[in-house]
1. Just checking, how many residues over segment 450-481 are more than 21 Å from GLY518 (Cβ to Cβ) and among the small types (Gly, Ala, Ser)?
2. Out of THR531, THR519, which single residue is touching a helix residue (DSSP H, G or I) at 6+ places or on another chain (Cβ under 6 Å) and either modelled with pLDDT of 95 or more or over 30 Å from GLY269 (Cα atoms) (or both)?
3. Only one of these is touching a residue at least 12 places away in the same chain (Cβ under 8 Å) and on the phi > 0 side of the Ramachandran plot: GLY277, GLY308, GLY287. Name it.
4. Just to check your reading of the model, which residue among SER278, SER282 is open to solvent by 10 Å² or more (accessible area, probe 1.4 Å), at pLDDT 95 or above and not in a loop (DSSP other than H, G, I, E, B)?
5. What's the number of the condition LEU530 fails, among (1) over 20 Å from the mean Cα position of the chain (by Cα); (2) closer than 21 Å to THR261 by Cα?
6. If you check GLY425, GLY437, which single one turns out to be within 21 Å of VAL558 (Cβ to Cβ) and open to solvent by 10 Å² or more (accessible area, probe 1.4 Å)?
7. Could you pull out the residue among GLY365, GLY308, GLY337 that is in a helix (DSSP H, G or I), among the small types (Gly, Ala, Ser), in contact with a Ser or Thr (Cβ under 7 Å, 6 or more places away or on another chain) and open to solvent by 10 Å² or more (accessible area, probe 1.4 Å)?
8. Could you count how many residues in segment 401-410 are in contact with an Asp or Glu (Cβ under 9 Å, 6 or more places away or on another chain) and farther than 12 Å from GLU385 by Cα?
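The values are calculated or read from the model by the stated rules, or taken from the named source; none is laboratory data. What you see is a predicted model; the values in this text were computed from it and never measured. Don't worry about glycine lacking a Cβ; one is built from the backbone with ideal geometry, like all the others, and counts go over all protein chains shown. Quick note on the areas: whole protein, heavy atoms, side chains included, nothing else; ligands and nucleic acids left out. Shrake-Rupley method; radii C 1.70, N 1.55, O 1.52, S 1.80 Å.
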Amino acid sequence: MTTDDELFDVVDGSDVPVDVLPRSEVHRRGLRHRAVSVLLYHSDGRLLLQRRSLIKDESPGLLGASASGHVGAGEDPFGTAIREFAEELGVKAPALHWLGKLSASVETAHEFMTVYVARTAGITDVSDGSLPTFSPDPAEVAGLEWVSLAELETLLACEPERISSSLRAVLAAFHEAARSFAAPSWELSSGSSGFVASAPREESFDLVVSGGSVVTPSGIVRADVGVRGGRIVALGSLGGCRSAERIDATGLHVLPGAIDTQVHFREPGLEHKEDIGSGSASAVLGGVTSFMEMPNTKPSTTTAELLGWKVARARETAWADFAFFVGACPENAHMTGELESLPGAAGIKVFMGSSTGSLLVDDLGVLEAVLRSGRRRVAVHAEDERRLEARRHLAHVVADHPVWRDEVAAVTAVEQLLPLARRVGRPVHVLHVTSRGELPLLAAYKDIATFEVTPQHLTFAAPECYERLGTLAQMNPPIRGEEHRAALWWAVNSGLVDVVGSDHAPHSLQEKSKAYPGTPSGMPGVQTLLTVLLDHAAAGRLSLERVVDLTAAGPARVFGIVRKGRIAVGYDADLTLVDLAARRTFTRAMAASRCGWSPFEGVTFQGVPVATIIRGRTVMRDSELIGTPSGQALTFVGVPGPTRS
């Protein structure tokens, strides 16, 4: 832990080097300096931990980000990164060889940044489908002293066999920063302290996305993205490198592909509403590269055989990468641990309140049995069934929908779920949170619970939405009044919300035209998920980085999705190119869903996805599908998965 007497390498205003200054002197002189970066590298060149600014004056200890982006209170961020990476590989955390440390102030003397450069010691034979072998050299890990500038020069010049080429590039930049007390000569975007290095000119790629503003875990940087074998292998200036394909992203922002963690694609049994092919086509047209589909089909997905059917069907027809939830019910409550471990399984889904389909777990004993069987995070539709039944008589017209399925129904279910989950020790994910009353409960149980909101609940409010859209605005849980929408926005901007999912739940216009309450609940949304959030960002309601966290990094973090959710070396090349300045009015003709409509018809959005790339393969360009469906099953931390190409 850094103390007030931490020494900083600094440069004064006249660029005259000063050896070292105590923090108090840095404060007194008000010096401004350039940043280096927090870098933790695996020996195969994979970046585990990237730059984070550390605010000492406001923090009780060292802050940072792990491989997943989250560090628990009081937890060492470097240890977290190592642990999560080791869990992904399925091995014990490796030994580390710390190669050096450098401290420098960042922008003002009130911020500081400590740079650690490290590599795992003795890791060999790291490849997909195999576990690494650990054979650390005792001499290599002994001592772990700070590396001086002279020692670093010796290491770079005389011992290249000890470090990977990627780490060598990092150390070279580290050396340059230490020598000149200035930022490395890497490309920096305006207003960002993130940076990326150039790749060797002799490298070749399958695809280079060039000239875009890339949203990385360490900030927005102007960089090229190099792809080989479906994965990101380089970030930097790649203009001199060979590539089989190039996409000019000048003027565009390059985002990690969006992951929609709640869609209902209705296959099998309800294909007149949607199927996996049409639903996933809607997804990629909207910049979504992966989806997790719900089990309330016909029949419901409650067995290994039915899950296997969906996975096989998706391999033939899905445009995006995929996983499928298994529905919990009294008949399979004690088997859900086995079902959640099957290839292609997104996890277990529980309906505490009735909705579309026949799945229902309204008995707390059955719910506890589900939570005790297995270990993965359980997704939950939280409405209290008894209260819904008791208030059904209040539903006369569609504007009564939030009266019938009121806030108390949601709060009651959450009050039942969260203490039980904590007592059992099972993580849960509460879907489509809609009410102000749920938020304090969810905040108090962040140790065990994550949660989602939808674009619809952030955009629409009662009674206006029911007056304008009628039953097209009907969904479960319902869209509520403005006070609830405002509370959800507070939760988004306070960091409380973990994920935004579309809850894409299409029904035909004929079905939606029936008399309420005989109309089905749900609306399409996967195609507009990202567009709606980009428009909110353009209006200043949230930042672009928060959009990415809610639609990519957040879903990957919550569900442990392997190699998804961020633009970083070693991750799948799932990229969404967006034009933040473009404006487009969504029309019914644009809707790719089989249901043929959207609640956002006639709305003009600012921020348009213009290309979708999945594992290095372009599947959408300028609102046109390209090629044929080639989706693959998602893999999850600690869960066996199919061999990936």
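1. The number of residues fulfilling the criteria is 2.
2. None of the other options fit; the residue is THR519.
3. GLY287
4. It is SER278.
5. (1)
6. Step by step, each of GLY425, GLY437 is checked, and only GLY425 is within 21 Å of VAL558 (Cβ to Cβ) and open to solvent by 10 Å² or more (accessible area, probe 1.4 Å).
7. Going through GLY365, GLY308, GLY337 in turn, the sole match is GLY337.
8. Total meeting the criteria: 1.
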